[in-house]
Amino acid sequence: QVQFVESGGGLVQAGGSLRLSCAASGNTFRLNAIGWYRRAPGNQRELVVSISSGGSTTYADSVKGRFTISKDNTKNTWYLQMNSLKPEDTAVYYCNAVPLQNYAWGQGTQVTVSS
């Protein structure tokens with residue numbers, strides 16, 4: 001099993017920035033790719049960005065050019081730098097494997113962007 005702990009969310013004005021962190025523990029050697037997912041109120045959880053073990057990244061069109069995913073292999077930690085935030089980015093953000101591997105979801109971290 002792999003456990004995920006997200007942190008770094010908060011309240012920010014539109015146009016602002018936040019940096020999220022995802023710490024993974026357990027059988028992290030099983031991880032091939034990690035993604036940041038988000039769930040906005042009333043919406044389903046969606047994958048917004050992912051990074052493979054080799055460093056290849058994939059971004060949803062809605063965040064391309066504004067969000068950047070990175071990783072620190074020495075710490076089993078992944079980061080999501082979010083710039084030029086918009087109110088529609090408001091959601092609970094989670095990290096997990098890509099594709100999903102039936103690992104439990106962490107508690108997520110709330111990001112709220114005010115207009």
- Six or more apart or on different chains, Cβ under 8 Å: which pairs go from a residue in the range 94-115 that's at pLDDT below 95 to one that's open to solvent by less than 90 Å² (accessible area, probe 1.4 Å) and not in a strand (DSSP E or B)? Could you list them? Ser115/Ala14; Ser115/Pro87
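Okay, residues lined up against (1) open to solvent by less than 30 Å² (accessible area, probe 1.4 Å); (2) within 19 Å of Val113 (Cα to Cα); (3) in contact with a helix residue (DSSP H, G or I) (Cβ under 6 Å, 6 or more places away or on another chain); (4) assigned to a loop (DSSP other than H, G, I, E, B):
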residue	(1), (2), (3), (4)
Ser25	no, no, no, no
Phe29	no, no, no, no
Arg38	yes, yes, no, no
Asn43	no, yes, no, yes
Gly55	no, no, no, yes
Ser62	no, yes, no, yes
Ser70	no, no, no, no
Ser84	no, yes, no, yes
- Given the conditions (1) more than 20 Å from Thr112 (Cβ to Cβ); (2) out of contact with any helix residue (DSSP H, G or I) (no Cβ under 7 Å at 6 or more places or on another chain), and given that Asn76 satisfies all but one, which numbered condition is not satisfied? (2)
- Message: Condition first: part of a strand (DSSP E or B), under 17 Å from Asn73 (Cβ atoms), open to solvent by less than 20 Å² (accessible area, probe 1.4 Å) and not hydroxyl-bearing (Ser, Thr, Tyr). Can you find one or more residues in the range 6-22 that meet it?
- Response: yes
- Query: If you scan the range 80-104, which residues turn out to be under 18 Å from Phe29 (Cα atoms) and not small (Gly, Ala, Ser)?
  - Reply: Cys95, Asn96, Val98, Pro99, Leu100, Gln101, Asn102, Tyr103
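Residues of the range 93-112 being surrounded by fewer than 20 Cβ atoms within 10 Å (Cβ to Cβ) and among the β-branched types (Val, Ile, Thr), which ones? So that I can check it myself, show each step before the final result.
Quick first cut of the range 93-112, residues surrounded by fewer than 20 Cβ atoms within 10 Å (Cβ to Cβ) only: 97-107, 110, 112.
Val98, Thr112, listed by residue number.
The values are calculated or read from the model by the stated rules, or taken from the named source; none is laboratory data. Just so we're clear, the structure is a prediction, and the values are computed from it rather than from any experiment. Methodologically, a virtual Cβ is constructed for each residue, glycine included, from the backbone with ideal geometry; neighbour enumeration extends over all protein chains shown. Heavy atoms of the whole protein, side chains included, go into the accessibility calculation; ligands, DNA and RNA do not. Shrake-Rupley method; radii C 1.70, N 1.55, O 1.52, S 1.80 Å.
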